[in-house]
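Data block below; observations after.
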Amino acid sequence: MSEPIDFYFDFTSPYGYLMSEKIDALAERFGRKVRWHPVLLGMIFKTTGATAPVGIPLKGDYLRRDFERSGRYYEVPLTMPAKFPVAIQAAGRTYYWLHGQDCALARRFAHAAYRAMFREGRDISSPEEVVGIAASLGVDAAALSAALQTDEVKERLKTETEAAMARGVFGSPHVIIDGEAFWGMDRYEQIERWLETGGF
């Protein structure tokens with residue numbers, strides 16, 4: 001069995017959402033597993049000096065159109081929420097808290113949170129909304145709400161983001177296969193070819 005693929009993403013990233021809907025099935029075709037890593041793009045942008053692309057004149061208008069067009073291209077339902085972008089600390093912290101107990105449940109939560117935002121238009125910047133999403137999967141809402149207030153859970157997301165940057169991650173989605181990094185959903189076909197050929 002080859003090494004797992006690392007998938008880095010921010011919950012407010014539409015392209016990250018698209019990759020989240022495709023990466024596991026793609027990896028499975030080639031006998032690979034995927035490790036999911038939520039990160040904080042805001043924290044990464046402060047380090048790199050970047051800014052949110054949708055806030056850039058002209059480019060932002062293009063991206064808003066491209067998000068939904070890309071969803072159609074990859075045959076993944078995507079409707080941009082009215083509130084965008086949003087803070088995703090609660091979702092990222094929830095993922096890592098769940099991951100410490102049940103990896104499969106954490107993955108289901110990640111899908112549910114992403115779909116809540118990019119299919120249903122829900123505001124996942126709200127901790128209450130995030131707890132509700134997790135509770136719909138059978139998570140103890142009271143325990144999660146309490147965990148989200150702890151320094152340990154808050155620090156974990158920051159630590160994971162720092163570890164991602166140490167590996168060269170600067171955007172979402174960012175996929176690393178055997179040390180080779182691919183940034184952006186527009187690299188999906190290259191990822192597929194890399195897995196097919198063992199590199200090029």
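Are there any pairs, at least 6 apart or on different chains, whose C-beta atoms fall under 6 Å, with the first in segment 62-89 and closer than 20 Å to Ala110 by Cα and the second part of a helix (DSSP H, G or I) and aromatic (Phe, Trp, Tyr), and if so, which?
Every condition considered, the pairs that remain are Leu78/Phe118; Met80/Phe67.
Only one of these is hydrophobic (A, V, I, L, M, F, W, C) and without any contact (Cβ under 8 Å) to a residue 40 or more places away in the chain: Ile23, Ile56. Name it.
Details: Ile23 fails: without any contact (Cβ under 8 Å) to a residue 40 or more places away in the chain.
Checking each option against the conditions leaves just Ile56.
Residue by residue through segment 50-81, note down the ones that are assigned to a loop (DSSP other than H, G, I, E, B) and more than 20 Å from Gly121 (Cα to Cα). Explain how you work it out, then say what you get.
If we filter segment 50-81 for residues that are assigned to a loop (DSSP other than H, G, I, E, B), which is where we start, we get 50-52, 56-58, 74-81.
Hits for segment 50-81 are Ala50, Thr51, Ile56, Pro57, Leu58.
Mind listing whichever residues of segment 140-192 are closer than 20 Å to Asp66 by Cβ, open to solvent by less than 40 Å² (accessible area, probe 1.4 Å) and without any contact (Cβ under 8 Å) to a residue 60 or more places away in the chain?
Phe182 - this is the single residue of segment 140-192 that is closer than 20 Å to Asp66 by Cβ, open to solvent by less than 40 Å² (accessible area, probe 1.4 Å) and without any contact (Cβ under 8 Å) to a residue 60 or more places away in the chain.
The values are calculated or read from the model by the stated rules, or taken from the named source; none is laboratory data. Small disclaimer: the values here were computed from a predicted structure and weren't measured. A quick note on method: Cβ atoms are made from the backbone with ideal geometry, for glycine too, and the neighbour counts reach across all protein chains shown. Heavy atoms of the whole protein, side chains included, go into the accessibility calculation; ligands, DNA and RNA do not. Shrake-Rupley method; radii C 1.70, N 1.55, O 1.52, S 1.80 Å.
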